[in-house]
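Engineer: Before I ask anything, here is the structure I am working with.
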Amino acid sequence: SALAIPIVVGIVVVGSFERRIAFYSKSFDIRVCVVDLSKKQIDAWNSRDLPIYEPGLREVVDQSLGKNLFFSLDIDSEIKMADIIFISVNTPTKTQGIGAGRAANIKNCELCARKIAEVSESDKIVVEKSTVPVRTAQAVNRVLECNEKGLKFQVLSNPEFLAEGTAIADLMKPDRVLIGGNQSPEGLKAAETLVSVYANWVPREQILTTNLWSSELSKLVANAFLAQRVSSINSISALCEATGANVSEITRAVGMDDRIGKRFLNSSIGFGGSCFQKDILNLVYLCETYGLKECADYWNQVILMNDYQKKRFSEKMVACMFNTVTGKKIAILGYAFKKDTGDVRETPSMFVVRDLLLEQAQIHVYDPQVKREDMWAEMDYTCDLNPSTYTGLESAVTTSPDAYAACDGAHALAVLTEWDEFKELDFEHIYKSMAKPAFVFDGRNILDHDALRKIGFEVHAIGKPDPNKFSDL
Ligand code: UDX
């Protein structure tokens, strides 16, 4: 745009770990270098085999790598050179100590601040990109202030709103960019510098500036509201199954009210991913910390509803299959927490698989992007199930090369991730290859249920009336 002042800045992104592609500049005036402690990560980013799958990512990296985008292990000298430093390290949920299981651990943010204070030789803008508890900027600022060189740092908050699977699209055309800073003249000037970076490709009116605390808190609030919508519609799906109402018809009717809107109202087996559960628990913990018990309980209910939805699905599968799945082959189509990603963190599929394993089913998983080792690592981390400590686990789970192999001879198939390719499967062929009665459990409501019933399947979906149980008046 005509307003954008070309500025030459160096930007360092410290920690490529979490939302790793959180920053990208289309402008060649800006040199972006991502630094990380992990040699494995940096090598992977510099190779043909990127460490994560994301549609369009390869092209973005190919366009810029070696021109204005670099990945490096040389943290100190990159910090020295940079004008703006993004802290994009992970802030995992604490596993022990105060707030265990809920509070975010900001240790890595503090370590970055200490490193920046230690090696910097000039004034810099330090941007919090990681999702952090409100008032983390105060801690970062306090550490930076303690540098013994009289350097001045300005701390900004610039939370990342991109979603996995659509990360590049979200990055190119964000709904908004949020920048929080001190309301002092120096703070406003720093915020304006970051605004002009984004203004290279984002319209000015979509770049919001706020105080630090609003910006930090907005990220948790946005995720909590999105997750709440999913839990709200999922609570209604249970009521639909009990009454003969159809959740898709309800979503349509309710979503056409433009005050409500139709996005994020798809009923499912529950939400997953690295953000929703973690951020809500963090919000709950923050509410408690400030003595706001009712607020904490209110948001905690979103999590309880999600746990209920996952459990309800696996219990329904067992109940429908004559109360036993012991020794039965079950095909699991989709393991990622949503389509177009290989990410399995907090994936609802894992909880369904765990419950079925406890019922001694034989599980055959097919997912186009998930690696077997990632599946086990998350199962071990979240569910404390590890094939080396639980005998028989390794052989109870097969990872199949395709959906047909997974379904061959199975008593049931369950769609747990909404991959587009599952809609295109040859279900006549699958039906013939399965044990009878052949069950379909559609945990994402993506299949054509009438067509499947015509073929002969017994179909169960989320929030859909069972035609054997309910009929018109
Ligand atoms: C989320 C936020 O959307 C993003 O803005 C933030 O930066 C990070 O957290 P992400 O975790 O990548 O992004 O996935 P998202 O698309 O939000 O989906 C989260 C979960 O909700 C998935 O498991 C998805 O399947 C589920 N979901 C989403 C539903 O069950 N129904 C819906 O209608 C929408």
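Engineer: Out of Ile446, Ile455, which single residue is within 16 Å of the ligand (Cβ to nearest atom), under 22 Å from Pro465 (Cβ atoms) and surrounded by fewer than 23 Cβ atoms within 10 Å (Cβ to Cβ)?
Structural biologist: Ile446 is the lone residue from the list that is within 16 Å of the ligand (Cβ to nearest atom), under 22 Å from Pro465 (Cβ atoms) and surrounded by fewer than 23 Cβ atoms within 10 Å (Cβ to Cβ).
Engineer: Could you grab me the full set of residues in region 267-315 that are closer than 15 Å to Ala238 by Cβ and of a type in the set (S, T, N, Q)?
Structural biologist: Correct list: Ser267, Ser268, Gln301, Asn306, Gln309, Ser314.
Engineer: Could you tell me whether region 152-159 includes any residue that is in contact with a helix residue (DSSP H, G or I) (Cβ under 7 Å, 6 or more places away or on another chain), in a strand (DSSP E or B) and open to solvent by 30 Å² or more (accessible area, probe 1.4 Å)?
Structural biologist: Yes, that holds for at least one residue.
Engineer: Can I ask one more? How many residues does region 166-186 hold that are away from the ligand (no atom under 15 Å from the Cβ) and crowded, with 19+ Cβ neighbours inside 10 Å?
Structural biologist: Final tally of qualifying residues: 3.
Engineer: Please list, ordered by first then second residue, the pairs with beta carbon atoms under 7 Å, 6 or more apart or interchain, first in region 217-233 and closer than 16 Å to Thr131 by Cα, second outside any helix (DSSP H, G or I) and more than 9 Å from the ligand (Cβ to nearest atom).
Structural biologist: These pairs meet every condition: Leu217/Val134; Ser218/Leu178.
Engineer: Is it true that some residue in region 231-249 is in contact with a Gly (Cβ under 6 Å, 6 or more places away or on another chain), within 13 Å of the ligand (Cβ to nearest atom), within 30 Å of Gly99 (Cα to Cα) and of a type in the set (Val, Ile, Thr)?
Structural biologist: no
Engineer: Report, ordered by the first and then the second residue, all pairs with beta carbons closer than 8 Å, sequence separation of six or more or different chains, a first member in region 149-165 that is more than 20 Å from Gln138 (Cβ to Cβ) and of a type in the set (A, V, I, L, M, F, W, C), and a second member that is at pLDDT below 90 and not in a loop (DSSP other than H, G, I, E, B).
Structural biologist: Note: pairs meeting the criteria are Phe161/Asp170; Leu162/Asp170; Leu162/Leu171; Ala163/Asp170.
Engineer: Every residue in region 311-327 that is open to solvent by 10 Å² or more (accessible area, probe 1.4 Å) and either part of a helix (DSSP H, G or I) or of a type outside the set (Gly, Ala, Ser) (or both), please.
Structural biologist: Lys311, Arg312, Phe313, Glu315, Lys316, Val318, Ala319, Cys320, Phe322, Asn323, Thr324, Thr326
Engineer: Looking at region 217-259 only, could you name the residues that are of a type in the set (D, E, K, R), out of contact with any Phe, Trp or Tyr (no Cβ under 6 Å at 6 or more places or on another chain) and within 18 Å of Ser274 (Cα to Cα)?
Structural biologist: Residue satisfying the conditions is Lys219 alone.
Engineer: Can I ask one more? With respect to the numbered conditions (1) over 25 Å from Leu447 (Cα atoms); (2) in a helix (DSSP H, G or I); (3) not polar (S, T, N, Q), which one is the sole condition not fulfilled by Gly291?
Structural biologist: Among (1) over 25 Å from Leu447 (Cα atoms); (2) in a helix (DSSP H, G or I); (3) not polar (S, T, N, Q), Gly291 violates only (2).
Engineer: Based on what the data block shows, is Ala163 within 10 Å of the ligand (Cβ to nearest atom), part of a loop (DSSP other than H, G, I, E, B), within 25 Å of Gly443 (Cβ to Cβ) and of a type outside the set (D, E, K, R)?
Structural biologist: Yes, satisfied.
Engineer: A further question follows. Tell me whether region 267-276 contains one or more residues that are in a helix (DSSP H, G or I) and either near the ligand (Cβ under 10 Å from one of its atoms) or in contact with a His (Cβ under 7 Å, 6 or more places away or on another chain) (or both).
Structural biologist: There is at least one residue in region 267-276 that is in a helix (DSSP H, G or I) and either near the ligand (Cβ under 10 Å from one of its atoms) or in contact with a His (Cβ under 7 Å, 6 or more places away or on another chain) (or both).
The values are calculated or read from the model by the stated rules, or taken from the named source; none is laboratory data. A quick note: this is a predicted structure, and the numbers were derived from the prediction, not measured. Cβ atoms come from the backbone with ideal geometry, glycine included; neighbour counts cover every protein chain shown. Just the protein is used for accessible areas: all its heavy atoms, side chains included, with ligands, DNA and RNA removed. Shrake-Rupley method; radii C 1.70, N 1.55, O 1.52, S 1.80 Å.
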